[in-house]
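**Student:** Dropping the structure in here first, questions after.
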Amino acid sequence: MIHAPRREVLRYLGCRGREPDGQTAALIAARTAAVEEAAAPRWIALELPLALSQTEVALGDWAIPSQKLAAHLEGCTAALLFAATLGVEVDRLIARSAGGRVAQAAVDQAVAAALIEEVCDQACRELAGRYPGQYLRPRFSPGYGDFPLSAQPELLARLDAPRKIGLTATSAHLLAPVKSVTAVIGIAPTPGRCHTGGCATCPKENCTFRRDAL
């Protein structure tokens with residue numbers, strides 16, 4: 001079983017530099033166990049050839065207009081399409097909590113957010129082991145910068161994600177189940193200037209949810 005790091009759960013709850021009181025800590029422990037029990041983590045990845053211009057990324061025969069993604073993948077020789085999900089039971093658990101139990105629902109959301117990130121991080125560590133001597137760039141998801149959210153259905157279709165891991169997109173291009181992630185991951189022969197990724201590369205140092213804020 002993959003576990004949601006407690007530090008990350010606290011970060012998503014906005015606990016900056018302080019431990020929760022005893023009652024809240026007990027709720028966090030109980031809801032962490034409940035979310036982890038409901039979760040059925042699955043992920044999938046597909047390597048594709050990569051070609052870049054200043055304004056477009058070509059992944060095989062799929063052309064994506066995105067300057068930000070092109071800049072992010074500069075120096076890469078190939079890329080991975082990636083998707084991960086916690087499964088529909090986590091969404092159902094959160095929906096039940098949302099029916100009048102505000103504190104419980106907030107904790108469930110935080111635990112699920114921390115858990116899907118941990119699933120993605122573990123998956124990326126496993127993927128990195130498949131490419132010795134090369135470097136994986138941080139995940140870059142539809143909806144970031146000018147990488148259009150409308151890319152979700154095509155990305156999922158190319159991964160065969162609906163059949164393989166039960167992950168689909170709504171008509172508004174939102175993922176279902178909700179606690180899921182899709183991304184493009186660059187493969188490079190040398191480390192990039194932003195290979196650390198995440199909060200370490202974000203300029204918003206006053207963010208409540210920043211990883212180094214606790």
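The values are calculated or read from the model by the stated rules, or taken from the named source; none is laboratory data. Fair warning: this is a prediction, and the values are worked out from it, not measured in the lab. Cβ coordinates were reconstructed from backbone atoms using ideal geometry, including for glycine residues, and neighbour counts include every protein chain displayed. Note: areas computed on protein heavy atoms with side chains; ligands, DNA, RNA excluded. Shrake-Rupley method; radii C 1.70, N 1.55, O 1.52, S 1.80 Å.
**Student:** Whole number in Å², please: accessible area per residue of the chain, 1.4 Å probe, ligands, DNA and RNA not counted.
**Tutor:** On the way: 10740 Å² over 214 residues.
Ligands and nucleic acids excluded, the result is 50 Å² per residue.
**Student:** State the extension gain, in nm to one decimal, for the chain segment bounded by Gln23 and Tyr131, taking 0.36 nm per residue of separation less the distance between their alpha-carbons.
**Tutor:** Taking Gln23 through Tyr131 to full extension adds about 34.3 nm, to one decimal.
**Student:** Moving on. Mind pulling the per residue volume of the convex hull built on the Cα atoms of segment 66-192? Å³ is fine.
**Tutor:** On the way: hull volume 14.6 nm³, N = 127.
Convex hull of Cα atoms, per residue: 115 Å³.
**Student:** Ratio of Rg to Rh for segment 1-107, alpha carbon only, Kirkwood? Walk me through the numbers on the way to the answer.
**Tutor:** On the way: Rg = 19.8 Å, Rh = 17.1 Å.
My calculation of the ratio gives 1.16.
**Student:** Using a 1.4 Å probe over the heavy atoms of the protein chains, calculate the carbon and sulfur portion of the accessible area of the chain as a whole percent.
**Tutor:** Numbers: 5730 of 10740 Å².
Heavy-atom surface of the chain belonging to carbon and sulfur, 1.4 Å probe: 53 percent.
**Student:** What does the extension gain come out to for Ser150 and Val102, with contour length at 0.36 nm per residue minus their alpha carbon separation? Mind showing how you got there, number by number?
**Tutor:** Details: separation 48, 0.36 × 48 = 17.28 nm, distance 3.16 nm.
Net length gain for the segment: 14.1 nm.
**Student:** With Cβ to Cβ distances under 13 Å as the rule, what net charge do the other residues near Ile94 carry (K, R +1; D, E -1)? Before the final figure, lay out the partial values.
**Tutor:** Details: positive: Arg31, Arg92, Arg96, Arg101, Lys179; negative: Glu89, Asp91, Asp108.
Here the count lands on +2.
**Student:** Once Rh for the chain is found with the Kirkwood sum over Cα pairs, what is the Stokes-Einstein diffusion coefficient at 4 °C and 1.567 mPa s, in µm²/s? It would help to have the intermediate numbers written out before the result.
**Tutor:** Details: Rh = 18.2 Å.
It comes out at roughly 71 µm²/s.
**Student:** Then there's this: Can you find, among Gly75, Leu46, Pro191, the residue sitting farthest towards the positive end of the charge dipole of the chain, where Lys and Arg contribute +1 and Asp and Glu -1 at Cβ?
**Tutor:** So the residue furthest toward the plus end is Pro191.
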